[in-house]
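I have placed the structure first, in the form of structure tokens, so that the comments after it can refer back to it.
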Amino acid sequence: MQALTQKSKPVSREPMSLMEKIYLPAVLKGMSITFSHMFKKKPTVRYPEETRPFSPVFRGLHVLNRDEEGRENCTACGLCAVACPAEAITMEAAERKEGEEHLYREEKYAARYEINMLRCIFCGLCEEACPKDAIYLSETFAPASFARKELVYAKNDLLIPNPKTEPEAFAKAKGLKPIK
Amino acid sequence: MNLLAFDWALLIEKLVLIAIIITISLVVAMYATYGERKVAAWMQDRVGPNRAGPFGILQPLADGMKLFFKEEIIPNSSNKFLFILGPCLAMLTAMMTSAIIPWGSELRIGDRVISLQIADINIGILYVFGVVSMGVYGIMIGGWASNNKFSLMAALRGASQVISYELAMGISLIALLMLTGSLSLKTITEQQMAPGHYWNVLYQPLGFLIFFVCALAECNRAPFDLSEAESELNMGYHQEYSSMKLGFFLFSEYINMFISSVIMATLFFGGYDIPFIDESKYNPNLMAWLGVGALMVKALIFIFVFMWIRWTLPRFRYDQLMNLGWKALIPLALINMVITAVVILKYFN
Ligand code: SF4
Ligand code: SF4
């Protein structure tokens, strides 16, 4: 019969020798192996207290960006929603009024912007589609939750802190400070 | 007025002793579950439970609580009385063996001598055997009353396993009993403590090995956990059990493990004897306490070895189990017995 793969190894079907039959040498050998494992370094990362360092290209939770003056970048063009293969993004556009120039960079902005984290597959296509550098994927996870509706992230949950009023939080969210 | 002549102090003393010993067995069993998980984790390069309390030491409490709060399910088609009797029996027999174990020598309080043993009966070992073989009824009744194919199969396996291994265990013990000439555990311990006499394991290494393997089988521990066999029988005899009834089954396994560790330590490793020290030269009360400690340490080492074996060896197949029992252990035990008998007759008579 032709072998299905090249990786298969023939198993020895010979009757066991006396040494094998009394089991004990093999048992002791096995036990010494398990014993030595007790003192090996554990590869476990104790998650909430310790986190694994991610590379800068890691695709985690989304962040809606602001520019240096603290204005929202997003212009509600909908390209991200179109690009999204999981159809996770919903938005509603609104027109910028007089006197709101310090809030929104473009004359049209997203009044409602939601990402359903249960649908999102963290592919990063929204980030690639965005012409305004308004959305990007950060290096954090979406935290677990007991309720579905808590996993639909609204604009408030996604917006980056304002660099004017909270420069430190902004820098941290941007990952500008070196991650230890 | 016969009642007044009764030694009430003795009754109270024994009751207190029973309460203490039962508590200790339960606590040890509780922490054996924790230890098992930790040992398993370390051997698999993991950390094990570490969330409940520092180093996870509250984990057994959390587990127990969880079991208490689970829904009690009694299957419709089961035999209700037997279904409940099963875990009770398992627990009862697990606790009963501790009665004849000498946990330490004697305490002297005033002029009262308190023996750290609930009952020093002269057929000690036979009593252990009797109770231990009752223990399998818990498994059998539980498995049968569940009215479930897998449970029944597990119960049958458990029964046949215990019968075959009890034989080898008994025969290996006969050789030991020929040496000691007594069935009382207290006498056996005292003989090993006597100056110029070493631990029985030195006289009966093969006997100890056979006894140890059989003890593993009697406790239904891996590699002989055929009646549980998660991967083949869906947890075996306790498949239909939930809540604390399941807890009782799991718990009795750990108590059994503790008790058989203590019995092995008593029979073969000098019981409460502290190695290389002549106890009679020191304060007897202090030595009694240290002796209890020594026995506990020995038992804990055995428990560790039990776990170590469990996390090293895969389960035996049923035919392998029977082959090992009937074709290897029993003949070996017989040979060991005959050799011991000949040596005793020839050189020590
Ligand atoms: S990461 Fe992918 S799936 Fe998630 S919102 Fe962006 S485009 Fe959609
Ligand atoms: S996030 Fe970017 S792509 Fe999406 S609507 Fe806003 S500007 Fe357009």
Handout entry: For chain B, calculated [θ]222 nm from helices alone, where every DSSP H run of n ≥ 4 adds -39500 (n - 2.57)
Key = -22000 deg cm²/dmol
Problem - Ranked list, fewest to most other Cβ atoms within 10 Å of each Cβ, for B:258, B:212, A:58, B:81 - result: B:81, A:58, B:212, B:258
Exercise for the section: Enter the per residue convex hull volume of the protein assembly as shown, computed from alpha-carbon coordinates, in Å³ rounded to the nearest integer. Expected result: 288 Å³
Exercise for the section: Provide the three semi-axes, in whole Å and in decreasing order, of the ellipsoid equivalent to chain B as defined by the square roots of 5 times the Cα gyration tensor eigenvalues. Expected result: 33, 26, 21
Fill in the blank from the handout: Rounded to the nearest 10, the angle in degrees between the Cα long axis of helix A:24-37 and the longest principal axis of the Cα atoms of chain A comes to 30 degrees
Exercise for the section: Scan chain B and note any complete DSSP helix (H) whose C-alpha atoms cover at least 27 Å along its axis and whose Kyte-Doolittle average is 0.5 or more. Expected result: B:8-43, B:124-145, B:149-180, B:243-268, B:284-310
Fill in the blank from the handout: Taking N as the residue count of chain A, its alpha carbon Rg divided by 2.2 N^0.38 Å gives 1.71
Problem - Label zone at residue B:230 (point 7 Å along Cα-to-Cβ), backbone N below 17 Å, region B:305-349 - result: B:307-316
Problem - Computed E for residue A:68/residue A:118 - FRET, C-beta separation, R0 30 angstrom, nearest 0.05 - result: 0.35
Exercise for the section: Assign unit charges at the C-beta atoms only (+1 for Lys and Arg, -1 for Asp and Glu), then state the dipole size of region A:62-174 relative to its Cα centre in Debye, rounded to the nearest 20. Expected result: 320 debye
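Since every read-out is calculated from the coordinates, none of them should be taken as a lab result. Predicted model only: the values in this text are computed from it and were never measured. Quick reminder, even Gly has a Cβ in these numbers, built from the backbone with ideal geometry, and neighbours come from all protein chains shown.
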